[in-house]
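*Asks:* Below you will find the structure I want to go over with you.
Read-outs: derived from the displayed coordinates by stated rules, not from any lab. On a predicted model such as this, the values are computed, not experimentally measured, just so you know. All Cβ positions, glycine included, derive from the backbone under ideal geometry; neighbour counts span all protein chains shown.
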């Protein structure tokens, strides 16, 4: 299962992330094919040397030739694709994905997948506030985390292969987490923060304040510029975890509100000292 | 009241902000004196050419000589100072401050201040996560807002003088707001964001997640590294405004939680689209 012997890579879904994978892997000499519903994305990638070959429909020949298939699709589209076309995938191929939630997808795909093909899930924790293959840029991987998300069904070889893929893509940190652990982590670190940023932006008509904004407000709301189609799906797919994290946050926020209301200066300072202490762990 | 004729500047309180004022104004050729309780801060500023003269006690001669006095002190210390030493201030002098909340201090200082001295309040919206004169750096003013906060008691001349001071310090934007408007603005843009960042850090024991943190969590919690003495005071001094803003935020956050709970995809997307639209106003 050595990566070096898997030369033929197919990327299904050529948006920001799929395109960034293509760029990184093409540079390393792999043969890159792509499928995307938008012909214009395929054309752009071909013109810019990001892929060797590409189609806006499921071309049977390139699917059956692929040693590796990387799915950069929304979870439900990914599932339908596997249902409809998995018969074309060759024996011994390995498939992976870039989906931002895992429990809801990994088990199901592994369940329906035919024998002889292995699905090893992964989450490249990288993104930008822009979309589309035109904005693809594999430099976004450089300071980012790549998480391999195996289940009991995965082989050691596939896990190692997937870690190797993360390294080749240029990620700074590669780690391994189970699907449930992954979803709890992402619920707190990513989804909860997006809920907060959106709430801060929608809670009051604050446009007149734009002139006074300092860095703190700008930092907290950078991610309030959000792809509503993608993020509403991610929230709903991780609903139970996210609601739990939101409730924990609300309780804490209300506790701080009540300390302020009681004018409990020492209580507030205690919270701030804990906050400062914990934040130190998150400094780069 | 032209700034150019006010050559003798005294800075009371030589920390990060007082020190950064000293650096900027010294470079422009003003004569800078300073008073700070810590002799080590005075020594540092003298050794590094940030001030011409400095004392760790209230030196009567430099107070009475000053055309301008800039107070970079905590609000209650500022009030006591005025009570104790205002008799030393010369007739025709103008004083200003850097306090982060205004209603609770501006009226009171103007009330107790002797005739012949004018207090024009200002808020330099700049800071760093480090403290002390050793970290003073007037480059923090470059992209920042400087807000002049007059009351009905202020003269046009003092308001203009204070705007001019903001320009000389190097601020990108100078604006004028009344004390109440200022406090509402700061309650929302700055204090609420700090409450959120602290809550996110203290709501659960998240240290084990540090390895997986992406940019969004890091951005939202940068300000969770917080000076507990200063910020607890700022929160308490603006308590009513801040509690109101916290309640507005909680209501909105809970609304988003409930949309998620009901699996109202369209409702979530609506919030995200509003968020994205509003965020565009805040892009630099």
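*Asks:* Given region B:2-77, what strands (runs of 3 or more DSSP E) lie entirely inside it while holding 1 or more residues that are in contact (Cβ under 8 Å) with a residue 60 or more places away in the chain?
*Replies:* Those strands (runs of 3 or more DSSP E) span B:8-12, B:68-71.
*Asks:* Still on this structure, I have one more. How about region B:171-217: which of its residues are without any contact (Cβ under 8 Å) to a residue 24 or more places away in the chain, within 7 Å of chain A (Cβ to nearest Cβ) and surrounded by fewer than 19 Cβ atoms within 10 Å (Cβ to Cβ)?
*Replies:* Passing the criteria: B:204, B:207, B:209, B:210, B:211, B:214.
*Asks:* Take residue A:242 and decide whether it is facing chain B (nearest Cβ under 7 Å) and crowded, with 23+ Cβ neighbours inside 10 Å.
*Replies:* Yes.
*Asks:* Working only within region B:256-279, note down all residues that are assigned to a helix (DSSP H, G or I) and at positive phi.
*Replies:* none
*Asks:* While we're looking at this one, here's another question. All but one of (1) surrounded by fewer than 23 Cβ atoms within 10 Å (Cβ to Cβ); (2) under 19 Å from the mean Cα position of the chain (by Cα); (3) within 30 Å of residue A:172 (Cβ to Cβ) hold for residue B:167; state the number of the condition that does not hold.
*Replies:* Failing condition for residue B:167: (3).
*Asks:* Of these, A:184, A:128, which one is within 30 Å of residue A:240 (Cβ to Cβ) and part of a helix (DSSP H, G or I)?
*Replies:* Of A:184, A:128, the one residue that is within 30 Å of residue A:240 (Cβ to Cβ) and part of a helix (DSSP H, G or I) is A:184.
*Asks:* Residue check: is residue B:117 surrounded by 22 or more Cβ atoms within 10 Å (Cβ to Cβ) and either in contact (Cβ under 8 Å) with a residue 24 or more places away in the chain or within 19 Å of residue A:211 (Cα to Cα) (or both)?
*Replies:* No.
*Asks:* When region B:134-151 is examined, which residues are found to be assigned to a helix (DSSP H, G or I) and more than 10 Å from chain A (Cβ to nearest Cβ)?
*Replies:* Passing the criteria: B:134, B:135, B:138, B:139, B:141.
*Asks:* Residue B:259 versus (1) at the interface with chain A (Cβ under 7 Å from one of its Cβ atoms); (2) surrounded by 15 or more Cβ atoms within 10 Å (Cβ to Cβ); (3) over 22 Å from residue A:215 (Cα atoms): which is the lone unmet condition?
*Replies:* (1)
*Asks:* Quick check on this structure: which one of B:249, B:235 is at the interface with chain A (Cβ under 7 Å from one of its Cβ atoms) and closer than 18 Å to residue A:246 by Cα?
*Replies:* Being at the interface with chain A (Cβ under 7 Å from one of its Cβ atoms) and closer than 18 Å to residue A:246 by Cα holds for just one of B:249, B:235, which is B:249.
*Asks:* Is it true that some residue in region B:93-108 is surrounded by fewer than 23 Cβ atoms within 10 Å (Cβ to Cβ), under 19 Å from the mean Cα position of the chain (by Cα), free of Cβ contacts under 8 Å to residues at least 60 places away in the same chain and assigned to a helix (DSSP H, G or I)?
*Replies:* yes
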